[in-house]
Each structure stands twice: as structure tokens, then as C-alpha cells.
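Written below as C-alpha cells is the structure these notes are about.
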Amino acid sequence: AWSYFVAAQARGETARALDFVTDRFQRFGARNAAPARTLCRALEELSRPLEALELLEQACSLRPEDGELALFAAEMHSRLGNEEAASRHLRSAEGRVRDVAWHRAAAILSSARGELAVSLGHWEQVLARE
């Protein structure tokens, strides 16, 4: 769906593509995290970060046990400067995703906060597991 969005946007059909990925989220968002991730990325691409974050919180409410979605939420919140929410989602993902994925996300978030020693520790955990 992301490739479709990018291709449609390149052809000047952004509104149509956004309608498509929005409808996809509305139909399948409770069953699968992929539609939420695609729609969030599309909204972020369109410089609509507040809408992306609102949608992301809605998706996390629909799928509270989805660790991968929680990691996606942590990374998006971190990119947009909302460190408190990023940390909350990272904690939520712990134990629900592979250790490598969790440590990788923790390393990225720690680095973004300027906690380089903590980040390095997480990267060491990633390398020890891969």
C-alpha cells in the first residue's frame, strides 16, 4: 500500500491515494497494524504529523497487544519530538516483540535523546543477538 501511495502521489493523485489508505485502515485496522502504519507514514509525508499521531493512538487502542505497532509508535513519536509518548510505547512493546527489535528501537530512541552510552548498550545487545 505504501508503494501505491508513493506512485499515486508522483502522478499527482495524492487525494485519491490518501482516500484509499484511509479506507484500508478503517476496514482492516483492527485486524492488522499495516494499514495504520501506511496511513501514518502517508500523513507524515504530507506534513500532517498531528493527524498521524492521532491516528496512531487510535490504532494502538484498537491493537493494544501489538508490540510491533507499539515500536512503530515509539519511533514516530520520537521523530516528532514527543519523547514521553515514545518512552511509553517503547515500554509497552517490551516482551511483546523480539528482543533484537526492542533493543534496536531503544537504541534509536536513546540516541535521539542524546543518551549515547545507553544507546551503545542497546546496540551491543542487538549485535549480541544477531
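Here, each number is a calculation from the coordinates, and none is a lab measurement. From a predicted model like this one, the values you see are computed outputs, not experimental measurements. Note that each Cβ is placed from the backbone with ideal geometry, even for glycine, and that neighbours are counted across all protein chains shown.
For the chain, the relative contact order comes to 15 percent (Cα pairs under 8 Å, sequence separation of at least 6). Each residue of region 15-25 was assigned a 3J(HN,Hα) from its phi angle through the Karplus expression (A = 6.51, B = -1.76, C = 1.60, θ = phi - 60°), giving 4, 4, 5, 5, 4, 4, 6, 5, 4, 4, 5 Hz with x at Gly and Pro.
Region 77-102 and region 1-75 have Cα centres separated by 18 Å. For the chain, the 222 nm mean residue ellipticity estimated from helices alone, with every DSSP H stretch of n ≥ 4 adding -39500 (n - 2.57) and the total spread over all residues, rounds to -24500 deg cm²/dmol. Rounded to the nearest 20 debye, the dipole magnitude of the chain is 300 debye, with +1 charges on Lys and Arg beta carbons, -1 on Asp and Glu beta carbons, and the Cα centre as origin. Extension gain for the segment A34 to Q58, taken as residue separation times 0.36 nm less the Cα-Cα distance, is 7.3 nm to one decimal. Where is the GNM fluctuation largest for the chain (alpha-carbon springs, 10 angstrom cutoff): G29, G81, G114? Between G29, G81, G114, it is G114 that shows the largest mean-square fluctuation. Protection proxy ranking, highest mean first, for peptides 35-42, 85-92, 46-53: 35-42, 85-92, 46-53, where packing is the per-residue count of other beta-carbon atoms within 10 Å, averaged. Along region 116-122 the Karplus relation, 6.51 cos²θ - 1.76 cosθ + 1.60 evaluated at θ = phi - 60°, assigns HN-Hα couplings of 5, 5, 5, 4, 4, x, 5 Hz to successive residues, with x for each Gly and Pro. In this rough spin-label picture, where each label sits 7 Å from Cα along the Cβ direction, the L116-E51 distance is 3.9 nm.
3J(HN,Hα) couplings calculated from phi for region 98-105 with the Karplus curve 6.51 cos²θ - 1.76 cosθ + 1.60 (θ = phi - 60°) are, in sequence order, 4, 3, 4, 5, 5, 5, 4, 5 Hz; Gly and Pro show x.
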